[in-house]
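Single-structure report; data block below.
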Amino acid sequence: MLRRLTNVKLAAALGLVGLNVAAITLPMVASADTVTTTTTINLSVLGVITSYSSGPTVTLGAITPDGTGRQSTASDTVSATTNNSAGLSITLEANGASTNMVSGGNTIATDSGTPASPVALVNNRWGWRIDGLTLGGATFGAGPAGVLNSAAPSALTYAGMPASGAPYTINTTATTGSTSSTVWYSARVDNTQPTGSYSTVVKYTIATN
């Protein structure tokens with residue numbers, strides 16, 4: 001009887017020892033779980049023309065013609081500003097189908113020169129120039145053109161107005177900011193040109209690059 005009780009006590013003691021060993025060798029340990037992720041924020045800022053201006057009217061001085069021809073010249077400044085990082089371009093062309101200056105049924109034709117090959121105006125022609133502008137490998141020359149009012153003909157060279165749909169680029173930039181071009185317009189007539197008030201309309205187009 002004593003041996004049986006002793007065996008029971010020993011078994012109970014060993015059981016408790018086993019429980020203590022398990023508690024020591026298999027603890028419950030808490031661990032953190034961390035992940036990261038990212039989001040990219042995209043934004044497009046579009047290029048715009050933030051300001052622009054020209055003329056709106058250029059009035060050439062009235063001409064009293066003679067047999068040799070008299071010439072009047074005046075200027076227009078076209079300017080623009082853009083936020084576009086690639087800059088902007090300015091083009092020039094006739095606004096309508098005709099490149100002539102018109103007064104009723106009478107006309108003053110545009111000059112025969114081009115920016116690549118400008119020429120001095122001949123009688124009963126009109127044209128434009130930008131001092132120092134180089135287009136097509138040629139140049140209008142340094143100028144200055146200056147204002148003329150029914151003056152003796154100038155030796156400065158001019159180009160004819162390009163037809164609508166075939167514009168010339170007169171200014172271009174490669175970054176943000178402002179730019180401007182001074183465009184000189186001129187007409188030369190002799191005493192064979194009919195009297196009248198002649199006019200034409202020029203179109204500038206300003207666009208981001």
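In the list A163, A145, A207, A174, which residue meets the criterion of being more than 17 Å from V102 (Cβ to Cβ), at pLDDT 95 or above and part of a loop (DSSP other than H, G, I, E, B)?
Details: A163 fails: more than 17 Å from V102 (Cβ to Cβ); A145 fails: at pLDDT 95 or above; A207 fails: part of a loop (DSSP other than H, G, I, E, B).
The match here is A174.
In the range 178-204, the residue that is nearest to the chain's Cα centre (by Cα) out of those that are farther than 18 Å from G96 by Cβ and part of a loop (DSSP other than H, G, I, E, B) is G196. Would you confirm whether or not the range 2-21 contains a residue that is in contact with a Ser or Thr (Cβ under 7 Å, 6 or more places away or on another chain), surrounded by 10 or more Cβ atoms within 10 Å (Cβ to Cβ) and either outside any strand (DSSP E or B) or modelled with pLDDT of 95 or more (or both)? No; the residues of the range 2-21 include none that is in contact with a Ser or Thr (Cβ under 7 Å, 6 or more places away or on another chain), surrounded by 10 or more Cβ atoms within 10 Å (Cβ to Cβ) and either outside any strand (DSSP E or B) or modelled with pLDDT of 95 or more (or both). Of note, G61 does not satisfy the criterion of being within 21 Å of L148 (Cα to Cα), at pLDDT below 95 and assigned to a loop (DSSP other than H, G, I, E, B).
Every listed requirement among (1) buried (at least 17 other Cβ atoms within 10 Å of the Cβ); (2) on the phi > 0 side of the Ramachandran plot; (3) within 29 Å of the chain's Cα centre (by Cα) is met by G132 save one, (1).
Based on this model, can you work out whether A80 counts as touching a Lys or Arg at 6+ places or on another chain (Cβ under 7 Å) and not in a loop (DSSP other than H, G, I, E, B)?
Numbers: touching a Lys or Arg at 6+ places or on another chain (Cβ under 7 Å): no; not in a loop (DSSP other than H, G, I, E, B): yes.
In short, no.
Whether a residue is assigned to a strand (DSSP E or B) and within 28 Å of T81 (Cβ to Cβ) was assessed, and W126 does not pass this test.
Under the condition of being of a type outside the set (S, T, Y), under 25 Å from A155 (Cβ atoms) and modelled with pLDDT of 95 or more, the residues counted in the range 73-118 number 8. Residues in the range 46-58 that are within 19 Å of N149 (Cα to Cα) and free of Cβ contacts under 8 Å to residues at least 40 places away in the same chain were compared, and the one that is farthest from the chain's Cα centre (by Cα) is T57.
Within the range 180-206, if we keep just the residues that are among the aliphatic types (A, V, I, L, M) and within 17 Å of A94 (Cα to Cα), the residue that is surrounded by the most Cβ atoms within 10 Å (Cβ to Cβ) turns out to be A187.
The values are calculated or read from the model by the stated rules, or taken from the named source; none is laboratory data. All of these numbers come straight from a predicted model, not from anything done at the bench. Every residue, glycine among them, receives a Cβ derived from its backbone with ideal geometry; neighbour counts consider all protein chains shown.
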